[in-house]
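To start, the structure under review is shown below, and the notes come after it.
Laboratory data are not the source of any read-out in this text; all were calculated from the coordinates shown. Bear in mind the structure is a predicted one, so any value in this text is a computation, not a measurement. Glycine gets a Cβ as well: all are built from the backbone with ideal geometry, and neighbour counts include every protein chain shown.
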């Protein structure tokens, strides 16, 4: 049985740990809010890009359509994970999802080019026998997302121009509802033909006829590059939001467990202290009675 001093030390340690958990909870909550705002800010920008594609499709209806190869011969994969721990099964779930997805495609390991964003997910992917050709650290705030995504885009563009990949897929965790998230994937190259057809068939909202003055090739390339950027930016923000949501849930559970453990330790401490006081009183009484005899 632990002594009073040992219990006092355990209680002090648990209190310190609870303070750390509370701090982590507060940081996660603030991060969730900022990444949520970042995702919302892309809505209007994404709508502008869709209008650009719609104009281009009306003037050049067949130039953008390119059916994706099923299954692809060479695939590029961008996987978003985390740089830090204390976020539950966040990295394990995305690594397992990536492994199952690639195995289902039956692609040889040498034909998979992979980029990981987040050091923890890189380690998990290596454990599933997939080596990443490029690795990037996650930004610590919304302000740093742009720099990281620009570097990822340059890597993907190099693969695409070298014809190393005929399909590019993003895999990341995405919030479904509340605090529930799950792995998802998005194909960003080639462009989704169904999405393009739906855009082409949409009615133009303005009374002015849509047109453009740039050369079609330049406009197409610019829109494509921006589509790459926005898709990756949104995936990164969604992943970071999911990561902090997972961390918040983990910290809430940890705080609950620490509170329960503190209750047990305080009860045991009080019992030990009461026992110690009782023993001292009995010793005093026994000594007093011995003196009287």
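Just a yes or no: is a residue in the stretch 215-233 in a loop (DSSP other than H, G, I, E, B) and over 33 Å from the mean Cα position of the chain (by Cα)? Lay out the reasoning, then the answer.
Initially, the stretch 215-233 is screened for residues in a loop (DSSP other than H, G, I, E, B), giving 215.
Filter again for over 33 Å from the mean Cα position of the chain (by Cα), leaving 215.
Checked the stretch 215-233: at least one residue is in a loop (DSSP other than H, G, I, E, B) and over 33 Å from the mean Cα position of the chain (by Cα).
Out of the stretch 154-167, which residues are surrounded by fewer than 20 Cβ atoms within 10 Å (Cβ to Cβ), in contact (Cβ under 8 Å) with a residue 60 or more places away in the chain and part of a loop (DSSP other than H, G, I, E, B)? Once the filter is applied, which keeps residues that are surrounded by fewer than 20 Cβ atoms within 10 Å (Cβ to Cβ), in contact (Cβ under 8 Å) with a residue 60 or more places away in the chain and part of a loop (DSSP other than H, G, I, E, B), the stretch 154-167 yields 164, 166.
This table checks each residue for (1) in contact (Cβ under 8 Å) with a residue 24 or more places away in the chain; (2) more than 30 Å from residue 80 (Cα to Cα); (3) in contact with a helix residue (DSSP H, G or I) (Cβ under 6 Å, 6 or more places away or on another chain); (4) buried (at least 16 other Cβ atoms within 10 Å of the Cβ).
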position	(1), (2), (3), (4)
237	yes, no, yes, yes
240	yes, no, yes, yes
249	yes, no, no, yes
255	yes, no, yes, yes
258	yes, yes, yes, yes
277	no, yes, no, no
284	no, yes, no, no
287	no, yes, no, no
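Listed residues 176, 170; which is in a strand (DSSP E or B), free of Cβ contacts under 8 Å to residues at least 24 places away in the same chain and under 30 Å from residue 91 (Cβ atoms)? Give the derivation first.
Details: 170 fails: free of Cβ contacts under 8 Å to residues at least 24 places away in the same chain.
So the residue among 176, 170 that is in a strand (DSSP E or B), free of Cβ contacts under 8 Å to residues at least 24 places away in the same chain and under 30 Å from residue 91 (Cβ atoms) is 176.
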